Amino acid sequence: MTQPVPTSITRRETEPGRPPVIEIVWSDGHTAAYPPRLLRDACPCATCRERRAEPAAKPLLTVLAPEETVPLAVTGMKPVGQYAYAIEFSDGHSSGIYTLEYLRELG
Ligand SMILES: [Zn+2]
């Protein structure tokens, strides 16, 4: 089985006031839309994976971090080698390397 590759990656506006989604058209004809929050929550970098593995603390009050009060956006996406993309987010985080396989799974 060959890994489908993106034939186009675009930012697409959905509704006014919401950050644009990343739309990927794959070589096998599949089209997937990726909301920035989904990509950010799925960040495969070591720091984020560790954070997700921590037992969830249940504070009495949910305190929003400053970066959570503004809509998250994808500010950059660049190829890493032939099989992965580095995605940069508006919260300044950019250490996640998303393989094509992983992106395909997320979509
Ligand atoms: Zn990360």
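What follows is calculated from the coordinates using simple rules that are stated; it is not laboratory data. Computed from a predicted model, the values in this text were never measured in an experiment. All Cβ positions, even for glycine, are placed from backbone atoms using ideal geometry, and neighbour counts span all protein chains on display.
Results, tabulated for the structure shown:
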| item | result |
| --- | --- |
| Integer Hz, Karplus 6.51/-1.76/1.60 couplings in order for region 97-102, x for Gly and Pro | 10, 9, 6, 4, 4, 5 |
| GNM top mover of PRO79, PRO71, PRO55 - the chain, alpha-carbon springs below 10 Å | PRO55 |
| Ranking of LEU100, LEU39, LEU64, LEU106 by count of other Cβ atoms within 10 Å, fewest first | LEU64, LEU106, LEU100, LEU39 |
| Integer Hz, Karplus 6.51/-1.76/1.60 couplings in order for region 75-91, x for Gly and Pro | 9, x, 8, 10, x, 10, x, 9, 10, 8, 10, 8, 10, 10, 10, 5, 7 |
| The chain: Rg to Rh, with Rh as the Kirkwood radius over Cα pairs | 1.00 |
| Built amide H within the under 5 Å cut-off of TYR34, gap 5+ | ILE22, GLU23, ILE24 |
